Amino acid sequence: MNATQLKQVLATCLLLLLPGACLCAQTVSGRVTDAADGTPLPFATIKLGNTGQGVVTGLDGRYSFTYREDITYADVLYTGYEKLRVTVTGATDQLNIILHARQNELDEVVITPPRELIYRVLQSAIDNRDKNNPEKYDWYRCKVYYKMVADADYNIPDSLVVKDTTGETKELVDFLDEQHLLLSETYSRRTWKRPQKLQEEVLGSRLSGFKKSLFTGMITDVLPFHSYHDYLSLNGKDYHNPVSGGYRQHYNYDLEDEFLSGTDTVWVISYRPKNNYSGLSGKVYINSHQYAIAYFTGSAEDKTLNRDIRLEQQYQLVDGRWFPRELNYKLRYSILDDKKSDYKLYMSGYSRIDSVTFAEEKGFRFDKAHSTKLIGKADELSDPEWDALRPESLSGKEEKTYIMMDSLMEEAGMDRVMKYLEKLPEGKVPVSVVDVDLGRLYSFNRYEGSRWGLGLQTNEQIVKWASLGGWAGYGVKDREWKYGGFLELYADRHREFVFRVGYEHDLRDPARVMLHKEIDRNYLRRYLMFRVDEVEALSASVKKRLGYWTLELGGRREHIIPRYAYRFDYNGQGHSSFDATELSLNWRYAFAERRAPFFGRYYGTGSKYPVWYGKVTAGQLESGSYGAQYVQLLTGTQWHKHINRLGYEHVMLLLGKTWSNSPLPLSKTFAGNGMRYDNNNSYYTFGGLLTMYPYEYYSDDFVSVIWKHDFDWRLFVLSHAKAGLSSAPYFSVGHNFIYGRMRDRAVHAQVPFSVPDGQGYHESGIMLNSLLRLKYFNVYHLTLNVGYYYHWTPVFDLEQNGRYLLGFGVDL
């Protein structure tokens, strides 16, 4: 070593011995909280002296930064709170900051926001969405811890407290103070592959009060996994994303702050909805690195329902890609009981996302039929196993919630109650060893009037792999019994592989298009039915779910007797009853449909793509000397899509085609899907032709399109909170048509009908929705809708062809 090198080594050693010199930089960390109640303040901005640098608190209010000698103070800012300047020295390593809510905002100076800068930043973020959207990544896997807490705040008037001689009121208040009302946790491994493959493997699931989880809650049940879609769906309601195309139409913006985070600039942009638009209010933090969303907050309030919701999202950079880190939400409902006590129900969700990787696991198989599924004994984990999964320990109040609720629920026998609740999604109630079919107890149609009946089938208390059932019903108006029975065999525990044989003696709506219960609108069709076929049938089928497909292969032998004035004239002979033998294949295909377990069964949670339904039937008809062989294809799709800048589109397409060697009787054709009740009453429902009577048109081949467009904008919003009434109308427009043809119209005698050939049957209309809203348990609105539809004919006649409509619905 020469002299020069020796000097360099000695100089380096001396530098390391100087005060403040260290191989590891000093870190200052802490938490920003509210002075009133100590709650953490997420996304508070901490500007580091006059360096231009800054940091933002996380969803838990925590922050950290590396100390430098030129940082002598920090300014802490949070919307609605007093600005606070804190001193920072070389001796500072822990700095907890308390902010006080601003009491008076009247003296604030109004500054015109730099709109060009705001719009440039927002547009850059929109232009770069595909780079930062996790759904655009080829593959990712992460682990998600999700905790949901439900609380109740019981605001009891003093007059009721004084009258409480039993002490029950005070006991209730003390109970709600000491533990949460409900607590659940889920730990899952989330795997994604483009274009739309998703697997949620639940490694742990727990719900206070229950030994086993009856359903698996995911954070994405309430809020989106990211903020890169045009609409953000919160608790089932769509809100326009303030960082998406058309943002100027819906929101006003302000630039709250701008600071450096390392070498990147962070813009803090607040937003609020324009008049008469039901949107979000909040802030979005956009990082100049790929113009990604680094933090996002949004809240919405419904004053009529007296509820509000807030979401918070935090993102992180992982291997150069932006990815969600924490997702939180808060829900509040306020409910008045009969004694005018004010219940406030709170639900809050917290999630932590880690172990993110973008390296694809070769050979990994996605279970398309069960996109969310429990792995092993995920709902039976021990306390030590849960401690290993949680990112942080439970609080004392949370631990007490598990202990108290488990004890209370066991004492109340809730496991027995759950046996009743788990059948309700199927429309059944268990009574000992049988299930009662609620749908068989009562129904109404215009032919039978009221039908009273009973349906029973054996349940899993006898055997889990089979069920034997029967039903009977009596029509008051026609004074006839209808009855049937069946046997089902289950080849899997989810009952998605089912063998069935059955017998029935029932009534059927002649020629009604029956494709799938999701689009058939059977409840309304049953009500409108006044023309019937009496059908006695034997059937056998096997049904299986395969990925996104549901397939059913069936055979059927039936005897059909029309119970209306009808004669089928063919080759000089009249026929009034028929024997049919059919073999059919039914299918349903829902690409990227998400399905989750609920009370032991899997149910679909929806797909953003069109769902395709179909049925192919090969059959043979006989009636005396008449015989016919035929093949029928019936297929259709429906799609509901919220399209940015346009609104909500609803489309249903149906197509039927018949190939036969002879004409078919009316019962084996396709009836037009008319929904008109009579000359004086018409009710709106999506899925049918509103100005057409149920049995007015028939076809051998047909195509039908039902279309409706809902506009996003509300005309106005008026409310009477005490009465629970409000009005928030918005327009819908629609057009429906059917085109069909019939091979031989003359063979059908004694019954009047038309064929929608030539130009087809067209109708158009307009609806005013949510003209009147009535709140229901402060959860949603029951709505009254009014409108007008017109059937287009060569002669314009409003009185003959136009119909005023009433509709009823639900508004979130």
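The values are calculated or read from the model by the stated rules, or taken from the named source; none is laboratory data. Treat the numbers as computed from the prediction; the structure is a model and nothing was measured. Using ideal geometry, Cβ is built from the backbone for each residue, glycine included, and neighbour counts are taken over all protein chains shown. Surface areas here come from the heavy atoms of the whole protein model, side chains and all, with no ligands, DNA or RNA. Shrake-Rupley method; radii C 1.70, N 1.55, O 1.52, S 1.80 Å.
In terms of its Cα atoms, region 465-576 spans 52, 35, 26 Å along the principal axes, sorted from long to short. Set the Förster radius R0 to 45 Å, insert the Cβ-Cβ distance between VAL463 and GLU256 as r into 1/(1 + (r/R0)^6), and round the FRET efficiency to 0.05. With R0 = 45 Å, the Cβ-Cβ based efficiency is 0.10. Converting phi to 3J(HN,Hα) with the Karplus coefficients 6.51, -1.76 and 1.60 and the offset θ = phi - 60°, region 433-446 yields 8, 10, 10, 8, 7, 5, x, 8, 6, 7, 8, 9, 8, 6 Hz in sequence order, with x at every glycine or proline. In order along region 579-591, the Karplus-derived 3J(HN,Hα) couplings, from 6.51 cos²θ - 1.76 cosθ + 1.60 at θ = phi - 60°, round to 10, 10, 10, 9, 10, 9, 10, 10, 9, 9, 10, 10, 5 Hz, and Gly and Pro are given as x.
Here the dipole of the chain is about 1740 debye; that uses its Cα centre as origin and unit charges on the Cβ of Lys and Arg (positive) and Asp and Glu (negative).
Quote the FRET efficiency, to the nearest 0.05, computed for TRP481 versus PHE731 with a Förster distance R0 of 56 Å and r equal to the Cβ-Cβ distance. Efficiency for this residue pair is about 0.70. Amide H to amide H, with H built 1.01 Å from N, ASN241 comes under 5 Å of TYR231, LEU232, counting only residues 5 or more places away or on other chains.
For the pair LEU117 and TYR677, the difference between a 0.36 nm per residue extended length and the Cα-Cα distance amounts to 195.8 nm. Is the C-alpha gyration tensor of region 605-750 telling us rounded, prolate or oblate? Criteria: a/c under 1.5 is rounded; beyond that, a/b larger than b/c is prolate, otherwise oblate. It comes out prolate by the Cα gyration axes. Compared with the dominant Cα axis of the chain, that is its longest principal axis, helix 168-178 is turned about 60°. Were the residues from ALA565 through LYS212 laid out at 0.36 nm apart, the gain over their Cα-Cα distance would be 121.3 nm. Structure note, pairs LYS464/LYS608; LYS373/LYS464; LYS482/LYS657; LYS197/LYS428; LYS482/LYS668; LYS641/LYS722: Cα-Cα distances above 24 angstrom occur for LYS464/LYS608; LYS482/LYS657; LYS197/LYS428; LYS641/LYS722.
Excluding same-chain neighbours fewer than eight residues apart, the aspartates and glutamates reachable from LYS362 by a Cα-Cα span under 15 Å are ASP138. Each label was represented as a point 7 Å from its Cα along the Cα-to-Cβ direction; for ALA723 and ASN644 these points are 4.1 nm apart. Note on the chain: with neighbouring protein chains present and a 1.4 Å probe, carbon and sulfur make up 55 percent of its accessible heavy-atom surface. Overall, region 666-812 carries a charge dipole of about 460 debye about its Cα centre when +1 sits on the Cβ of Lys and Arg and -1 on the Cβ of Asp and Glu, all other atoms neutral. Its Cα gyration tensor gives region 559-656 an equivalent ellipsoid, and the semi-axes of that ellipsoid, as √(5λ) in whole Å with the largest first, are 41, 18, 12.
Here the spin labels are modelled as points 7 Å beyond Cα on the Cα-Cβ line, and at LEU317 and SER124 they lie 1.5 nm apart.
Over region 246-346, the reciprocal of the mean inverse Cα-Cα separation, the Kirkwood hydrodynamic radius, stands at 15.8 Å. Per residue, region 689-812 exposes 50 Å² of solvent-accessible protein surface, assessed with a 1.4 angstrom probe and all protein chains in place.
With protein chains left intact and a 1.4 Å probe, residues in region 515-575 average 50 Å² of accessible area per residue.
Over region 264-401, accessible surface divided per residue gives 47 Å², non-protein components excluded, 1.4 Å probe.
Helix 3-17 axis versus longest C-alpha principal axis of the chain: approximately 70°, rounded to the nearest ten.
For region 360-484, a crude dipole built from +1 on the beta carbon of Lys and Arg and -1 on the beta carbon of Asp and Glu, taken about the Cα centre, is about 1040 debye to the nearest 20. For GLY547, the amide hydrogen comes within under 5 Å of the amide hydrogens of ALA369, counting only partners 5 or more places away or on other chains and with H modelled in the peptide plane. Using +1 at the Cβ of each Lys and Arg and -1 at the Cβ of each Asp and Glu in the chain, identify which of SER382, ALA74, ALA359 lies farthest towards the dipole's positive end. Going by the Cα projections, it comes out as ALA359. Please give every one of the lysines within straight-line cross-link reach of LYS274, meaning a C-alpha to C-alpha distance under 17 Å, and leave out same-chain neighbours fewer than 8 residues apart. Partners within reach: LYS283, LYS303. Once both labels are positioned 7 Å from their Cα atoms along Cα-to-Cβ, the gap between ILE375 and ALA618 label points is 4.5 nm.
Here LYS368 is the anchor, and the aspartates and glutamates within straight C-alpha reach of less than 14 Å, apart from those fewer than 8 places off in the same chain, are GLU200, GLU201, GLU496, GLU593.
For ASN252, nonlocal amide neighbours, meaning residues 5 or more places apart or on other chains whose placed amide H falls under 5 Å from its own, are ARG272, LYS274. Taking all Cα pairs closer than 8 Å and separated by 6 or more residues, the relative contact order of region 611-659 comes to 34 percent. Starting from the Cα gyration tensor of region 293-433, take the square roots of the eigenvalues, sort them a ≥ b ≥ c, and report rounded, prolate or oblate (rounded when a/c is under 1.5, otherwise prolate if a/b is larger than b/c, else oblate). Judged from the Cα gyration tensor, region 293-433 comes out oblate (a/c at least 1.5, b/c at or above a/b). Ordered from longest to shortest, the equivalent ellipsoid semi-axes for region 732-808 are 36, 16, 11 Å, each the square root of 5 times a Cα gyration tensor eigenvalue.
TRP452 contributes about 150 Å² of solvent-accessible surface, heavy atoms of the protein only, 1.4 Å probe. Translational diffusion coefficient of region 676-812 (Stokes-Einstein, Kirkwood radius from Cα pairs, 20 °C, 1.002 mPa s): 127 µm²/s.
Dividing the radius of gyration of the alpha carbons in region 352-433 by their Kirkwood radius gives 1.08 for Rg/Rh.
Among PRO665, PRO562, TYR648, which residue has its Cα positioned farthest towards the positive end of the charge dipole of region 562-680, with +1 placed on the Cβ of Lys and Arg, -1 on the Cβ of Asp and Glu, and the dipole taken about the Cα centre? Going by the charge dipole, the pick is TYR648. For the chain, the relative contact order is 8 percent, taking Cα pairs closer than 8 Å that sit 6 or more residues apart in sequence and dividing their mean separation by the residue count.
Can you tell me the FRET efficiency between SER382 and THR357 if r is taken as the Cβ-Cβ distance and R0 is 41 Å, rounded to the nearest 0.05? Rounded to the nearest 0.05, the efficiency is 0.90. Measuring nothing but alpha carbons in the chain and taking Rh as the Kirkwood radius, the Rg to Rh ratio lands at 1.03. For a label point 7 angstrom out from the Cα of TRP549 toward its Cβ, which stretches of region 593-623 have the backbone nitrogen within less than 13 Å? Within reach of a label on TRP549, which here means backbone N under 13 Å from a point 7 Å along Cα→Cβ, region 593-623 contributes 614.
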